[in-house]
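Shown next, in structure tokens, is the structure this report addresses.
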Amino acid sequence: MLADWISVGAFRYTAFDTTGKRVRGYLESLSARTAAQELERKGLTPIQVEEQASPQRRKGTRLPVRKLAMTYQQLSDLLRAGVPLLRALRIVGRQKSSPKIAGIFDQLADEVADGMEMSTAMGNRPETFASAQVALIRAGEKAGILESVLSKLSSMLAAQAELRGKVLGSLIYPSVLAGFGFLILIVIFTAFVPRFRPLLARLEGDLPALTSVVFFVSDLVGRYIGITAIGLVVIGFGIAMIRRQEKVKQFAAEAQLKLPIVGHLVRTLSAARFCRLLGTLLENGVPMIGAMQIAKQAAGHPVMAKVIEDAIESVREGGSITDPLTASGLFDQDVVEMISVAETANNLGEVLVTIADTIDSRVDRLLTTSVRLLEPLLLVVIALAVVVVAAALLLPMAELSSGL
């Protein structure tokens, strides 16, 4: 259950180590009894174990994903080389290449030195360390394979950063093209269109509808730009307030998935994120239900979160995870078939990570194709807008010439 990994109690303990030295610290466990048992497994003789409120949560700082992935790999290498965890955290905390990361891990080292587990210290910084990262670290601590877990966590974050980089990189040129086209239209409406108004003054009130619309838009972005700006701010604020409503948010998410090209890309990205996260959690010993709960929290899309919730209920009732995934339409049939076979063979975690790599390759090809289609589409839209403005201005001029 998820409670075994996240919603656990905090205990302050006093114990003797193997040399007879008195030690104190924090420990997270389900009860005082299980906390004492965990201390004994660590070679400590508990004297006092008492529950207390969890340490105060810190606001935390967002860290660059790529650098965080490199830091996890550095910690894994240090632990694999035999460096104790506290010393490894101190080493990372002294690095000068990334002061922000160094500061966070130096704080973690201080709390670990006080007897707190690394996962507990990370859990007190929810804005810095996602719940999936905390759960993986806790699983590694409990199983005694922290160096292996850190390495896999590094690989997971690096893959996520790589995919995000591909998406953003593919959108750079279309964004520049769209921005350039927007500037062209602004210049046309603010500098070019107003020059035609005196020429067409005799037709005022008898202008073609298209010309009236063009003049109206020109007034909005030129003469009445202040009112337009205020109106846009009010509309934007209103849309933001409406989108906070759960029903509207769900409707918008479902509508997004039905969009051509964009919907397919969003579905593929959501599936890749789910498979990689759930697979990594399962590979490192996080129980199925707990792993799926964490995957739901980090789904990044309301529709995917609903699908995961349905899958959780199916697993709780003794059913299969594949039935809700098939019904959702977010996963290709071959992916669902691979998950079904892996579930039967009891190697779901490993297969999910492999599936995530496969989906990432599909995303790369889909992005390439989508960008190739988007670029000429933007050019056509810009050209069409210019043609519409030109037609709106030339049409009344032709009527004036015919009336002479």
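The values are calculated or read from the model by the stated rules, or taken from the named source; none is laboratory data. Note that this is a predicted model, so its numbers are computed, not measured. Reconstructed Cβ throughout: ideal geometry from the backbone, glycine too, with neighbour counts over all protein chains shown.
Just the residues that are among the basic types (Lys, Arg) and at pLDDT 85 or above, please, taken from the stretch 277-311. Break it down into steps so the answer makes sense when it comes.
We begin by selecting, within the stretch 277-311, every residue among the basic types (Lys, Arg); these are 296, 306.
The one that is among the basic types (Lys, Arg) and at pLDDT 85 or above: Lys306.
Given the condition at pLDDT below 85 and either under 29 Å from Ser175 (Cβ atoms) or outside any helix (DSSP H, G or I) (or both), answer yes or no: does some residue in the stretch 383-400 qualify?
Looking through the stretch 383-400, none of the residues is at pLDDT below 85 and either under 29 Å from Ser175 (Cβ atoms) or outside any helix (DSSP H, G or I) (or both).
Within the group Ile312, Ile355, Ile289, which residue is more than 17 Å from the chain's Cα centre (by Cα), touching a residue at least 60 places away in the same chain (Cβ under 8 Å), buried (at least 19 other Cβ atoms within 10 Å of the Cβ) and not in a loop (DSSP other than H, G, I, E, B)? Don't jump to the end; show me each part of the working.
Working: Ile312 fails: touching a residue at least 60 places away in the same chain (Cβ under 8 Å); Ile289 fails: buried (at least 19 other Cβ atoms within 10 Å of the Cβ).
Result of the check over Ile312, Ile355, Ile289: Ile355.
Tell me which residues, restricted to the stretch 46-64, are in contact with an Asp or Glu (Cβ under 8 Å, 6 or more places away or on another chain) and modelled with pLDDT of 75 or more.
If the condition is that a residue be in contact with an Asp or Glu (Cβ under 8 Å, 6 or more places away or on another chain) and modelled with pLDDT of 75 or more, then Pro46, Arg62 are the ones that fit.
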